[in-house]
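Working notes for the structure below.
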Protein chains: 2
Amino acid sequence: MTLEREHGNAVCPLYHRAVELVGRRWTGAILMVLLQGSCRFTDIAHAVPGLSDRLLSERLKELECEGIVMRTVHPETPVRIEYQLTEKGRDLSGVAEAVTRWATHWLAPDLDDASVTERELASVR
Amino acid sequence: MTLEREHGNAVCPLYHRAVELVGRRWTGAILMVLLQGSCRFTDIAHAVPGLSDRLLSERLKELECEGIVMRTVHPETPVRIEYQLTEKGRDLSGVAEAVTRWATHWLAPDLDDASVTERELASVR
(Lines give C-alpha, C1' and ligand atoms only; values in the text may rest on other atoms or scores of the structure.)
Protein backbone atom coordinates (compact mmCIF):
# COMPACT_ATOMS: atom_id res chain seq x y z
CA MET A 1 0.00 0.00 0.00
CA THR A 2 1.49 3.27 -1.07
CA LEU A 3 0.52 6.82 -1.87
CA GLU A 4 2.48 6.68 -5.12
CA ARG A 5 0.59 7.31 -8.30
CA GLU A 6 0.14 4.05 -10.15
CA HIS A 7 -0.25 3.35 -13.85
CA GLY A 8 2.30 5.92 -14.95
CA ASN A 9 1.25 9.28 -13.65
CA ALA A 10 -2.40 8.61 -12.91
CA VAL A 11 -4.12 8.55 -9.52
CA CYS A 12 -4.75 4.96 -8.37
CA PRO A 13 -8.25 4.07 -9.62
CA LEU A 14 -9.07 2.09 -6.46
CA TYR A 15 -8.30 5.10 -4.28
CA HIS A 16 -10.30 7.33 -6.62
CA ARG A 17 -13.33 5.03 -6.51
CA ALA A 18 -13.17 4.79 -2.71
CA VAL A 19 -12.85 8.52 -2.10
CA GLU A 20 -15.75 9.30 -4.46
CA LEU A 21 -17.88 6.61 -2.80
CA VAL A 22 -17.28 7.65 0.80
CA GLY A 23 -17.28 11.34 -0.05
CA ARG A 24 -20.54 11.34 -1.94
CA ARG A 25 -22.85 14.00 -0.55
CA TRP A 26 -24.31 12.83 2.85
CA THR A 27 -22.64 9.41 2.69
CA GLY A 28 -19.88 10.34 5.13
CA ALA A 29 -22.43 11.48 7.70
CA ILE A 30 -24.61 8.38 7.23
CA LEU A 31 -21.57 6.15 7.70
CA MET A 32 -20.64 7.99 10.90
CA VAL A 33 -24.12 7.31 12.32
CA LEU A 34 -23.95 3.62 11.38
CA LEU A 35 -20.46 3.29 12.88
CA GLN A 36 -22.19 3.81 16.28
CA GLY A 37 -24.29 0.69 15.72
CA SER A 38 -27.37 -0.55 13.88
CA CYS A 39 -30.08 2.04 13.25
CA ARG A 40 -33.55 2.49 11.94
CA PHE A 41 -34.17 4.82 9.02
CA THR A 42 -35.59 7.54 11.27
CA ASP A 43 -32.60 7.35 13.65
CA ILE A 44 -30.28 8.18 10.76
CA ALA A 45 -32.59 10.92 9.47
CA HIS A 46 -32.63 12.56 12.91
CA ALA A 47 -28.85 12.37 13.31
CA VAL A 48 -28.16 14.10 9.97
CA PRO A 49 -29.96 17.46 9.88
CA GLY A 50 -30.81 18.64 6.37
CA LEU A 51 -30.82 15.17 4.81
CA SER A 52 -34.13 14.44 3.06
CA ASP A 53 -35.79 11.03 3.32
CA ARG A 54 -35.52 10.63 -0.45
CA LEU A 55 -31.75 11.14 -0.47
CA LEU A 56 -31.22 9.02 2.65
CA SER A 57 -33.10 6.19 0.97
CA GLU A 58 -31.01 6.61 -2.20
CA ARG A 59 -27.71 6.63 -0.30
CA LEU A 60 -28.64 3.57 1.77
CA LYS A 61 -29.47 1.66 -1.42
CA GLU A 62 -26.12 2.65 -2.94
CA LEU A 63 -24.29 1.53 0.20
CA GLU A 64 -26.24 -1.76 0.17
CA CYS A 65 -25.24 -2.31 -3.47
CA GLU A 66 -21.59 -1.70 -2.53
CA GLY A 67 -21.79 -4.29 0.27
CA ILE A 68 -21.16 -1.62 2.91
CA VAL A 69 -24.60 -1.57 4.54
CA MET A 70 -26.90 -4.49 5.38
CA ARG A 71 -30.68 -4.13 5.69
CA THR A 72 -32.45 -6.47 8.09
CA VAL A 73 -36.22 -6.86 8.24
CA HIS A 74 -37.41 -8.06 11.66
CA PRO A 75 -40.77 -9.87 11.19
CA GLU A 76 -42.60 -8.17 14.04
CA THR A 77 -45.83 -6.15 14.11
CA PRO A 78 -45.21 -3.49 12.97
CA VAL A 79 -42.27 -4.67 10.87
CA ARG A 80 -38.95 -3.29 12.13
CA ILE A 81 -36.24 -2.53 9.56
CA GLU A 82 -32.67 -2.00 10.69
CA TYR A 83 -29.56 -0.87 8.88
CA GLN A 84 -26.09 -1.91 9.94
CA LEU A 85 -22.60 -1.91 8.54
CA THR A 86 -21.08 -5.06 7.07
CA GLU A 87 -17.45 -5.91 7.85
CA LYS A 88 -16.48 -3.90 4.76
CA GLY A 89 -18.45 -0.95 6.14
CA ARG A 90 -17.12 -1.23 9.71
CA ASP A 91 -13.62 -1.19 8.28
CA LEU A 92 -14.26 2.41 7.18
CA SER A 93 -13.81 3.44 10.83
CA GLY A 94 -10.15 4.18 10.03
CA VAL A 95 -11.22 6.68 7.37
CA ALA A 96 -13.79 8.28 9.70
CA GLU A 97 -11.16 8.58 12.44
CA ALA A 98 -8.64 10.20 10.07
CA VAL A 99 -11.23 12.72 8.85
CA THR A 100 -12.32 13.47 12.44
CA ARG A 101 -8.70 14.00 13.51
CA TRP A 102 -8.07 16.42 10.64
CA ALA A 103 -11.38 18.25 11.14
CA THR A 104 -10.82 18.65 14.86
CA HIS A 105 -7.37 20.12 14.23
CA TRP A 106 -8.08 22.33 11.22
CA LEU A 107 -11.76 23.24 11.13
CA ALA A 108 -12.23 24.46 14.68
CA PRO A 109 -10.79 28.00 14.46
CA ASP A 110 -12.34 29.12 17.73
CA LEU A 111 -10.69 26.29 19.62
CA ASP A 112 -7.38 26.97 17.86
CA ASP A 113 -7.59 30.66 18.67
CA ALA A 114 -8.22 29.76 22.30
CA SER A 115 -5.13 27.56 22.45
CA VAL A 116 -3.01 30.24 20.76
CA THR A 117 -4.24 32.67 23.39
CA GLU A 118 -3.31 30.15 26.07
CA ARG A 119 0.21 29.85 24.65
CA GLU A 120 0.55 33.61 24.39
CA LEU A 121 -0.56 34.01 27.97
CA ALA A 122 1.87 31.32 29.08
CA SER A 123 4.80 33.07 27.36
CA VAL A 124 3.95 36.36 29.08
CA ARG A 125 3.48 34.91 32.56
CA MET B 1 -11.22 13.35 19.55
CA THR B 2 -13.96 10.78 19.41
CA LEU B 3 -16.32 9.09 17.00
CA GLU B 4 -19.26 9.78 19.32
CA ARG B 5 -22.08 11.82 17.93
CA GLU B 6 -21.96 15.28 19.43
CA HIS B 7 -24.74 17.77 20.10
CA GLY B 8 -27.24 15.17 21.23
CA ASN B 9 -27.73 12.66 18.49
CA ALA B 10 -26.35 14.60 15.55
CA VAL B 11 -23.22 13.87 13.53
CA CYS B 12 -20.36 16.21 14.51
CA PRO B 13 -20.62 19.20 12.15
CA LEU B 14 -16.82 19.53 11.84
CA TYR B 15 -16.55 15.92 10.66
CA HIS B 16 -19.47 16.45 8.30
CA ARG B 17 -17.89 19.57 6.78
CA ALA B 18 -14.54 17.84 6.35
CA VAL B 19 -15.92 14.71 4.72
CA GLU B 20 -18.03 16.74 2.28
CA LEU B 21 -15.04 18.95 1.46
CA VAL B 22 -12.53 16.17 0.83
CA GLY B 23 -15.12 13.92 -0.79
CA ARG B 24 -16.40 16.49 -3.25
CA ARG B 25 -16.31 15.06 -6.78
CA TRP B 26 -12.65 15.00 -8.07
CA THR B 27 -11.24 16.68 -4.96
CA GLY B 28 -9.90 13.45 -3.47
CA ALA B 29 -8.01 12.68 -6.67
CA ILE B 30 -6.61 16.23 -6.96
CA LEU B 31 -5.40 16.07 -3.36
CA MET B 32 -3.68 12.75 -4.02
CA VAL B 33 -1.75 14.29 -6.93
CA LEU B 34 -0.72 17.31 -4.84
CA LEU B 35 0.37 15.07 -1.96
CA GLN B 36 3.21 13.93 -4.28
CA GLY B 37 4.51 17.50 -4.47
CA SER B 38 3.87 20.81 -6.21
CA CYS B 39 2.31 20.61 -9.67
CA ARG B 40 1.31 22.68 -12.62
CA PHE B 41 -2.30 22.71 -13.76
CA THR B 42 -1.59 20.40 -16.69
CA ASP B 43 0.24 17.88 -14.47
CA ILE B 44 -2.89 17.51 -12.37
CA ALA B 45 -5.15 17.32 -15.42
CA HIS B 46 -3.01 14.51 -16.87
CA ALA B 47 -2.97 12.56 -13.61
CA VAL B 48 -6.76 12.57 -13.25
CA PRO B 49 -8.35 11.12 -16.39
CA GLY B 50 -11.87 12.38 -17.05
CA LEU B 51 -11.47 15.62 -15.12
CA SER B 52 -12.26 18.67 -17.28
CA ASP B 53 -10.16 21.84 -17.14
CA ARG B 54 -13.21 23.79 -16.01
CA LEU B 55 -13.87 21.53 -13.03
CA LEU B 56 -10.17 21.30 -12.12
CA SER B 57 -9.99 25.08 -12.07
CA GLU B 58 -13.14 25.26 -9.91
CA ARG B 59 -11.87 22.67 -7.43
CA LEU B 60 -8.46 24.34 -7.13
CA LYS B 61 -10.16 27.66 -6.36
CA GLU B 62 -12.30 26.00 -3.68
CA LEU B 63 -9.23 24.37 -2.13
CA GLU B 64 -7.40 27.72 -2.20
CA CYS B 65 -10.36 29.37 -0.43
CA GLU B 66 -10.24 26.66 2.23
CA GLY B 67 -6.52 27.25 2.80
CA ILE B 68 -5.65 23.75 1.60
CA VAL B 69 -3.92 24.66 -1.67
CA MET B 70 -1.49 27.51 -2.39
CA ARG B 71 -1.03 28.99 -5.86
CA THR B 72 2.39 30.42 -6.69
CA VAL B 73 3.11 32.53 -9.76
CA HIS B 74 6.76 32.35 -10.83
CA PRO B 75 7.59 35.56 -12.75
CA GLU B 76 9.37 33.90 -15.65
CA THR B 77 8.77 34.04 -19.40
CA PRO B 78 6.39 32.38 -19.95
CA VAL B 79 4.87 32.74 -16.48
CA ARG B 80 4.92 29.46 -14.53
CA ILE B 81 2.06 28.79 -12.10
CA GLU B 82 2.40 26.07 -9.49
CA TYR B 83 -0.04 24.57 -7.04
CA GLN B 84 1.03 23.05 -3.76
CA LEU B 85 -0.54 21.97 -0.50
CA THR B 86 -0.37 24.16 2.58
CA GLU B 87 0.36 22.57 5.97
CA LYS B 88 -3.41 22.14 6.38
CA GLY B 89 -3.49 20.35 3.02
CA ARG B 90 -0.44 18.16 3.65
CA ASP B 91 -2.05 17.05 6.89
CA LEU B 92 -4.73 15.32 4.81
CA SER B 93 -2.18 12.59 4.04
CA GLY B 94 -3.61 10.61 6.98
CA VAL B 95 -7.04 10.64 5.33
CA ALA B 96 -5.59 9.66 1.93
CA GLU B 97 -3.66 6.81 3.56
CA ALA B 98 -6.76 5.52 5.37
CA VAL B 99 -8.79 5.60 2.14
CA THR B 100 -5.98 3.88 0.21
CA ARG B 101 -5.72 1.17 2.87
CA TRP B 102 -9.47 0.51 2.76
CA ALA B 103 -9.60 0.61 -1.06
CA THR B 104 -6.67 -1.76 -1.43
CA HIS B 105 -8.31 -4.23 0.93
CA TRP B 106 -11.93 -4.00 -0.19
CA LEU B 107 -12.08 -2.78 -3.78
CA ALA B 108 -9.63 -5.15 -5.42
CA PRO B 109 -11.80 -8.27 -5.88
CA ASP B 110 -9.36 -9.90 -8.29
CA LEU B 111 -6.56 -9.69 -5.76
CA ASP B 112 -8.88 -10.95 -3.00
CA ASP B 113 -10.00 -13.86 -5.17
CA ALA B 114 -6.35 -14.68 -5.79
CA SER B 115 -5.60 -14.73 -2.07
CA VAL B 116 -8.68 -16.89 -1.39
CA THR B 117 -7.40 -19.28 -4.04
CA GLU B 118 -4.01 -19.25 -2.32
CA ARG B 119 -5.64 -20.13 1.02
CA GLU B 120 -7.72 -22.86 -0.59
CA LEU B 121 -4.65 -24.32 -2.21
CA ALA B 122 -2.78 -24.17 1.08
CA SER B 123 -5.57 -26.05 2.91
CA VAL B 124 -5.50 -28.80 0.29
CA ARG B 125 -1.74 -29.23 0.25
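The values are calculated or read from the model by the stated rules, or taken from the named source; none is laboratory data. Just so we're clear, the structure is a prediction, and the values are computed from it rather than from any experiment. In this analysis, Cβ positions are derived from the backbone assuming ideal geometry, glycine residues included, and neighbour counts consider all displayed protein chains.
Across the stretch B:82-125, what is the total count of residues that are among the basic types (Lys, Arg), at pLDDT 85 or above and farther than 21 Å from A:Val11 by Cβ?
First, the residues of the stretch B:82-125 that are among the basic types (Lys, Arg): B:88, B:90, B:101, B:119, B:125.
Remaining after also requiring at pLDDT 85 or above: B:88, B:90, B:101.
If we keep only those that are farther than 21 Å from A:Val11 by Cβ as well, we get none.
Total satisfying the criteria: 0.
Residues in the stretch A:13-41 that are closer than 19 Å to A:Ile81 by Cβ, in a helix (DSSP H, G or I) and either at pLDDT below 95 or facing chain B (nearest Cβ under 10 Å) (or both): A:Ile30, A:Leu31, A:Val33.
Tell me, which residue of the stretch A:42-65 that is among the acidic types (Asp, Glu) and closer than 18 Å to B:Glu20 by Cβ is nearest to the other protein chains (Cβ to nearest Cβ)? Lay out the reasoning, then the answer.
First, pick out the residues of the stretch A:42-65 that are among the acidic types (Asp, Glu): A:43, A:53, A:58, A:62, A:64.
Going one step further and asking which of them are closer than 18 Å to B:Glu20 by Cβ, we end up with A:58, A:62.
Details: A:Glu58: 16, A:Glu62: 14 Å.
So, considering only residues that are among the acidic types (Asp, Glu) and closer than 18 Å to B:Glu20 by Cβ, the one nearest to the other protein chains (Cβ to nearest Cβ) is A:Glu62.
The residue that is surrounded by the most Cβ atoms within 10 Å (Cβ to Cβ), among those in the stretch A:22-52 that are among the charged types (D, E, K, R) and within 16 Å of the chain's Cα centre (by Cα), is A:Arg24.
Residue count for the stretch A:19-52 satisfying the condition of being touching a residue at least 12 places away in the same chain (Cβ under 8 Å), aliphatic (A, V, I, L, M) and over 27 Å from B:Val48 (Cα atoms): 9.
I'm trying to understand the selection: among the residues of the stretch A:53-85, which are part of a strand (DSSP E or B) and either free of Cβ contacts under 8 Å to residues at least 12 places away in the same chain or more than 19 Å from the chain's Cα centre (by Cα) (or both)? Within the stretch A:53-85, A:Thr72, A:Val73, A:His74, A:Arg80, A:Ile81 meet the criteria.
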